[in-house]
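> There's a structure below that I have some questions on.
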Ligand SMILES: [Zn+2]
């Protein structure tokens, strides 16, 4: 007797308490990055896989940042789906500003609180349980399913999915489903790309009353910041169906990311996130360092940006810069089939039709897209992500688990 999608949904309902407990315990396994030690969180994943009798491999090029990979085959050959999630989380700046213990996994008023609840232990739990449920009915499936649980995502580090992309490309399969925060009313088929630059400005420096003796490094920095803001006017090429998907979703985008988001999703943005210069109020600053976070929209890459930066700093002798991070923006064609599965299932489960949009931030899904493989992100809203009182409502968590399970089932039965 074949298991139906209704049966799968019923399994999740029956396991509601198990799932809630699993996510709460997952949050209690502290895994802030930096420093990025995920041994405890990885053990939590391993315990579940062991209990379900599922084989897995630990791939740990950095021994405190293990990645866990597991695969099984259906009864007949077919396509290969990868379920990907990370287990490291943002650090907590000041726990006293939270209303709940950030590492406590508290369940209050139907919401599960804690650092990593939304980003992305909710989504990774969806991946793990989807994998375990579908393993039970593997005889009914076509193709192959892989679980790709990784470390070292929050800092774009080299030991997680980036390591696997290079050294274990076979686990990437033909398509990726990822539960990073998207908000359940949107799904993400692409993302902007970060380009981070570090500037160093040096002058001779002088006594603060002798401004005729030396230019000020901090004053030069402020001019460079003003010049860099002009990068936001770079014309972005028209990308056809990506453009139409974005423009038709502009209201949803503003609703999801805050008013004004739709206006920057197809633009370069420039954020001088870190500026530090001078040592004393009555001295002309001899040195200033700054780090600038530029986000490139789809259709542009660093070759479109860096020559303009070179032109800007050519005006200022004594200024140098280097690239500290450059990740190209990437996207999956908005007509890819996984988008249809996620939309149909979300609609059937909760009456919500998630709008396909581009993400402002970057995720590991880009690594699939760099290989030309479709990668879709669908997860809870980023409530308190990187901030305080991060949480996920239980109903949203259960919805995400069901939606991942049913969409993976659709992909492996078509
Ligand atoms: Zn994340």
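> When residue 358 is evaluated against the numbered criteria (1) assigned to a helix (DSSP H, G or I); (2) modelled with pLDDT under 95, which criterion, by number, is the only one it fails?
Answer for residue 358: the failing condition is (1).
> Of the residues in the range 320-343, how many are assigned to a helix (DSSP H, G or I) and touching a residue at least 24 places away in the same chain (Cβ under 8 Å)?
From the range 320-343, those assigned to a helix (DSSP H, G or I) are 337-343; that's our starting set.
From what's left, touching a residue at least 24 places away in the same chain (Cβ under 8 Å): 337-339, 341-343.
Of the residues in that region, 6 qualify.
> Does the range 48-61 contain at least one residue that is on the phi < 0 side of the Ramachandran plot and either buried (at least 24 other Cβ atoms within 10 Å of the Cβ) or within 16 Å of the ligand (Cβ to nearest atom) (or both)? Please lay out each step first, then the result.
Filtering the range 48-61 for residues on the phi < 0 side of the Ramachandran plot gives 48-52, 54-61.
Add one more test, that the residue is either buried (at least 24 other Cβ atoms within 10 Å of the Cβ) or within 16 Å of the ligand (Cβ to nearest atom) (or both), and what stays is none.
Within the range 48-61, none of the residues are on the phi < 0 side of the Ramachandran plot and either buried (at least 24 other Cβ atoms within 10 Å of the Cβ) or within 16 Å of the ligand (Cβ to nearest atom) (or both).
> For residue 6, state whether it is surrounded by fewer than 16 Cβ atoms within 10 Å (Cβ to Cβ), under 24 Å from residue 376 (Cβ atoms) and without any contact (Cβ under 8 Å) to a residue 12 or more places away in the chain. I'd like the intermediate steps shown before the answer.
Working: surrounded by fewer than 16 Cβ atoms within 10 Å (Cβ to Cβ): yes; under 24 Å from residue 376 (Cβ atoms): yes; without any contact (Cβ under 8 Å) to a residue 12 or more places away in the chain: yes.
When the stated conditions are applied, residue 6 passes them.
> For the range 127-138, state whether one or more residues are within 16 Å of the ligand (Cβ to nearest atom), in contact with a strand residue (DSSP E or B) (Cβ under 7 Å, 6 or more places away or on another chain) and either within 15 Å of residue 41 (Cβ to Cβ) or at pLDDT below 95 (or both). Reasoning before the result, please.
If we filter the range 127-138 for residues that are within 16 Å of the ligand (Cβ to nearest atom), which is where we start, we get 127-128.
Among the residues that remain, those that are also in contact with a strand residue (DSSP E or B) (Cβ under 7 Å, 6 or more places away or on another chain) are: 127-128.
Checking the rest, the ones that are also either within 15 Å of residue 41 (Cβ to Cβ) or at pLDDT below 95 (or both) come to 127-128.
Yes, the range 127-138 has at least one match.
> Filter the range 147-182 down to the residues that are assigned to a helix (DSSP H, G or I) and either more than 15 Å from the ligand (Cβ to nearest atom) or surrounded by fewer than 24 Cβ atoms within 10 Å (Cβ to Cβ) (or both) and list them by number.
Of the residues in the range 147-182, the ones assigned to a helix (DSSP H, G or I) are 161-167, 169-172.
Hits for the range 147-182 are 162, 163, 164, 165, 166, 167, 169, 170, 171, 172.
> Pick out the one residue from 364, 389, 335 that is at pLDDT 95 or above and either crowded, with 20+ Cβ neighbours inside 10 Å or within 19 Å of residue 408 (Cα to Cα) (or both). Talk me through it step by step, then tell me what you get.
Working: 389 fails: either crowded, with 20+ Cβ neighbours inside 10 Å or within 19 Å of residue 408 (Cα to Cα) (or both); 335 fails: at pLDDT 95 or above.
Only one candidate qualifies: 364.
> Let me ask something else about it. Is it the case, given these coordinates, that residue 10 is modelled with pLDDT of 95 or more, part of a helix (DSSP H, G or I) and within 16 Å of the ligand (Cβ to nearest atom)?
On the way: modelled with pLDDT of 95 or more: yes; part of a helix (DSSP H, G or I): yes; within 16 Å of the ligand (Cβ to nearest atom): no.
It is false that residue 10 is modelled with pLDDT of 95 or more, part of a helix (DSSP H, G or I) and within 16 Å of the ligand (Cβ to nearest atom).
> Regarding the range 64-72, can at least one residue be identified that is within 16 Å of the ligand (Cβ to nearest atom) and on the phi > 0 side of the Ramachandran plot? Before the answer, list the steps.
Going through the range 64-72, the residues within 16 Å of the ligand (Cβ to nearest atom) turn out to be 65, 67.
Subsequent filtering for residues that are on the phi > 0 side of the Ramachandran plot retains none.
Taking every residue of the range 64-72 in turn, none turns out to be within 16 Å of the ligand (Cβ to nearest atom) and on the phi > 0 side of the Ramachandran plot.
The values are calculated or read from the model by the stated rules, or taken from the named source; none is laboratory data. Note that the structure is predicted; figures quoted are calculated from it, not measured. Ideal geometry is used to build each Cβ from the backbone, glycine not excepted, and the neighbour counts take in all protein chains shown.
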